[in-house]
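K.L.:
I am attaching a structure below and will ask some questions about it afterwards.
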Amino acid sequence: MKHKLVSKHSIDDGNIFIFDVLADTDKVENLHQALIRADVSILGCSNEKSNKFREIMFDLEEKDFSLTNLGKSILNSISEAFGKRYVCYKVLGNYLRFGCNTFTHQDCENPDVISALYFVNSYWHHDWGGEIIFFDSSKDSKVCVSVKPGRLVLFHANIYHRAGVPQRPCKETRVTISARYNCQ
């Protein structure tokens, strides 16, 4: 699975890189179908503000994930975008449906950590929403990234962001894989 850089944005001292998948629609569909059927649990929350609102998530083993085609593609894209070598230390999957709650948060405060967000859905209509919104340090929105099948978003993990919730007409679950990477 190969990704092509389509845009780059800067917020404060951090960067956001957006990659779109090149041609592997069957692999995107297969991954989507596998994760829709995966065992999930109510694991955690984005931050302390959301403690009362647990999220539907699933854990993936970072060692196993790093050996997959997607894991390798993400590492290649990180090297291309940031010019350094990184190692994966955490992988989660997230499910969002209409009515879920999301909150503005940082994945971590360390500016050296990179977050990767991969949109798993094999089909997504623009009117369904679900965009990810990035904010500056004063919490003013600066960048909005649309959901697109196979899209990969890489960013410094200390950039504030919030996942958009699917709109009422959307009957699909917005599925993402979120991974964190430390510089080697």
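The values are calculated or read from the model by the stated rules, or taken from the named source; none is laboratory data. Please read all numbers here as calculations on a predicted model, not as lab measurements. Every residue, glycine as well, gets a Cβ built from its backbone with ideal geometry; the counts of neighbours run over all protein chains shown. Surface accessibility is based on the protein's heavy atoms, side chains included, excluding ligands, DNA and RNA. Shrake-Rupley method; radii C 1.70, N 1.55, O 1.52, S 1.80 Å.
K.L.:
I'd like the carbon and sulfur percentage of the solvent accessible area for segment 95-170, probe radius 1.4 Å, heavy atoms only, ligands and nucleic acids excluded.
P.N.:
45 percent
K.L.:
Between Cys144 and Gln184, what FRET efficiency follows from the Cβ-Cβ distance if R0 is 35 Å, with the result rounded to 0.05?
P.N.:
After rounding, the FRET efficiency stands at 0.65.
K.L.:
At a probe size of 1.4 Å, how large is the accessible area of Thr102, to the nearest 10 Å²?
P.N.:
40 Å²
K.L.:
Further question: Report the label-to-label distance for Gln167 and Val6 in nanometres (one decimal), using points 7 Å from each Cα along the Cα→Cβ vector.
P.N.:
Using points 7 Å along Cα→Cβ, the separation is 1.9 nm.
K.L.:
Holding the Cα-Cα limit at 27 Å, pick out from Lys90/Lys171; Lys4/Lys142; Lys8/Lys90 the pairs that are longer than that.
P.N.:
Distance filter (> 27 Å) returns Lys90/Lys171.
K.L.:
For Tyr160, Tyr89, Tyr123, Tyr181, give the ranking by accessible area with the largest first, probe 1.4 Å.
P.N.:
Largest to smallest exposure gives the sequence Tyr123, Tyr89, Tyr160, Tyr181.
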